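Input: a single structure, listed below in structure tokens.
The values are calculated or read from the model by the stated rules, or taken from the named source; none is laboratory data. All figures in this text were calculated on a predicted structure; none of them were measured in a lab. Every residue, glycine as well, gets a Cβ built from its backbone with ideal geometry; the counts of neighbours run over all protein chains shown. Accessible surface areas use protein heavy atoms only, side chains included; no ligands, DNA or RNA. Shrake-Rupley method; radii C 1.70, N 1.55, O 1.52, S 1.80 Å.
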Amino acid sequence: MMSLSVAAAGAAADAVAAHVPALVTDRVASRIFAQDPTLWGTAAEEEAAKRLSWVGLARTSRHLVGEVSALRDQLREQGVDRVVLCGMGGSSLAPEVICATEGVPLVVLDSSHPDVVRGATADLERTVVVVSSKSGSTVETDSQRRVFEQAFTDAGIDPATRIVVVTDPGSPLEEDARAKGQRVVTADPQVGGRYSALTAFGLVPSGLAGADIEALLDDAESVADLLAEDDDANPALRLGAAMAGTEPLRDKLYLVDHGTEAKGLGDWAEQLIAESTGKGGTGLLPVVLDSPGGSDVPRDATIARLVPTDGDESEPAAPSTVDVGGSLGAQFLLWETATAVAGRLLGINPFDQPDVESAKQAARDLMSGDAGTQSDAGVTDGPVTISHLGGDWIGGATTVADAVAALLGQLDPEHGYVAVMAYLDREGDAPFAEVADALAERVHRPVTFGWGPRFLHSTGQYHKGGPATGVYVQVTEEPQQDLAVPGRDFTLGEFIAAQAGGDAQVLADHGRPVLVLHLTDHEAGLARVTEALRGGHA
């Protein structure tokens, strides 16, 4: 049953009134669904021409329903009912939302942390592993697959019977997996990773875990004609205008859970919006909040309240607010379409691929010992080693609290934001994420929080050229026990350290201040960092 609602208030409503009529006149909605690559300008045309198949996925992904159902039944007859998804960013965010919303278990392995990866290799007798990588060359997922292949072999289980690969046709991963006899499901190559919720990347792990993927596709298909209609009431046109059409542009978009049934939708939408619009100097910075309270709303922000399917009658939370409600499949297609609309209003190609190669190269350089400028040698404050990059902004700070204060002193009070990236265990250390609200109350500016290297939340590439006024905190640690990657000459501990270092180096190369807090004692160090970010002294 079709279910979507978009209601704007304040500056967001003004943006809807100002821009939707022109979007209707220019037939933007119908042209998106006709896969017209000219909507975003000449420079964007070549890339857009290869990235628009997502508009028809509600129909073209139907063949996966029977295939996934049959495989799930086959596995369950063998007692295999635990699904582990190895995937980064767009390959894991949508399945996590789908399964959480339906209440079916899915283990999402989106980390290179050796303790986290080791922990995922439990219960192998009842485990199937889905390895998802669009390019087929992602080092994180390749490393995870190698660990599982070894773990299955050591347990006397043929890895070919327990590993399912999802990738683009012709990728190196497809070739290698087929040579090993592993099951391969290829995805539509004309869909970018962040738009892939309704491709094999979203549907295969979700369906194997027990989610009703046919109903999800039905849900999306039920709103496709509405979103393709050139009409003032089109929810995607209204949402896109509210996101990107305020005058002056409110370039911070708070995604607030306000009772939505779609669990974790904000995290999925965050990457979609940031990777699609966070470039060109006029991009958007999405900020995810789990609840309506706990954080000041700055003047340069619009609140997007994710409300229940039947809407929300409460008063707007800020001078610029848009309430978005709807069932999950419908919302996937809504946000994708609205983000494409926002890209047009911003003059940005929403299908451009983020430039992550510089961060990857910096990580490779660190692993090979061939890195250039790195962080200072650092000072020790009990269980935490403090180092910094991006200039001589730290002064004489010798404690975590003083170093944090020095970093926050670099924050632009009118347009800046703080990004916290924790290269930790996002399940075991989940309470640490709560520091974002306390830090936001302290600085009265947006604070983003991400688990590294889950997705490129803190890199200069993620918000490349968008709101370029961030200050950055990295929290890293020594793993309890390192883990070798079979067939490779590095360990996961070495790899995650290089990823964090490469990310920090890219930010420093962009002239952005980075504070690196390395925990030498996990519990004591994390307590000290938490207290310092909150504004106290441990």
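Listed values, structure above:
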{"quantity": "Amide H partners (placed H, <5 Å) of Gly452, local residues excluded", "calculated": "Ala422, Tyr423, Leu424"}
{"quantity": "Proximal charge balance of Asp188 [Cβ under 12 Å; K/R count +1, D/E count -1]", "calculated": "+3"}
{"quantity": "Paramagnetic reach from Asp81 in segment 93-110 [backbone N under 20 Å; point 7 Å along Cα→Cβ]", "calculated": "99-108"}
{"quantity": "The chain shape via C-alpha gyration tensor axes, a/c threshold 1.5", "calculated": "oblate"}
{"quantity": "Exposure rank, largest accessible area first [Lys180, Lys134, Lys252; 1.4 Å]", "calculated": "Lys180, Lys134, Lys252"}
{"quantity": "Segment 518-534 - phi-based ³J(HN,Hα) in whole Hz, Karplus 6.51/-1.76/1.60, Gly and Pro as x", "calculated": "9, 7, 8, 10, 4, 5, 5, x, 5, 5, 5, 5, 4, 5, 5, 5, 6"}
{"quantity": "Solvent-accessible surface (1.4 angstrom probe) belonging to Tyr423, in square angstrom, nearest 10", "calculated": "10"}
{"quantity": "Theoretical FRET efficiency, 1/(1+(r/R0)^6), r = Cβ-Cβ of Lys50 and His444, R0 35 Å, to 0.05", "calculated": "0.25"}
{"quantity": "Nonlocal amide H pairs with Leu109, under 5 Å, H built at 1.01 Å", "calculated": "Leu85, Cys86, Gly87"}
{"quantity": "Per residue accessible area of the chain, 1.4 Å probe, in Å²", "calculated": "36"}
{"quantity": "Top positive-direction residue, dipole computed over the chain with Cβ charges, set Ala44, Met243, Thr520", "calculated": "Ala44"}
{"quantity": "Heavy-atom accessible area order for Phe148, Phe490, largest first, 1.4 Å probe", "calculated": "Phe490, Phe148"}
{"quantity": "Cα-based Lys pair tally, the chain, threshold under 25 Å, eight or more apart or on separate chains", "calculated": "15"}
{"quantity": "Bridge type composition, segment 66-196 - antiparallel percent by DSSP, nearest 5", "calculated": "0"}
{"quantity": "Computed E for His63/Arg299 - FRET, C-beta separation, R0 45 angstrom, nearest 0.05", "calculated": "0.40"}
{"quantity": "Using θ = phi - 60° and Karplus 6.51 cos²θ - 1.76 cosθ + 1.60, couplings along segment 491-499 (whole Hz; Gly, Pro as x)", "calculated": "9, 5, x, 5, 5, 5, 5, 5, 4"}
{"quantity": "DSSP beta bridge pairing in the chain, given as percent antiparallel to the nearest 5", "calculated": "25"}
{"quantity": "Dipole magnitude of the chain about its Cα centre (Cβ charges: Lys, Arg +1; Asp, Glu -1), debye to nearest 20", "calculated": "640"}
{"quantity": "Note, ³J(HN,Hα) from phi for segment 143-158, Karplus 6.51, -1.76, 1.60, rounded to Hz, x at Gly and Pro", "calculated": "5, 4, 4, 4, 5, 5, 4, 5, 5, 4, 4, 5, 8, x, 10, 5"}
{"quantity": "Residues with amide H under 5 Å from that of Val297, placed H, sequence gap 5 or more", "calculated": "none"}
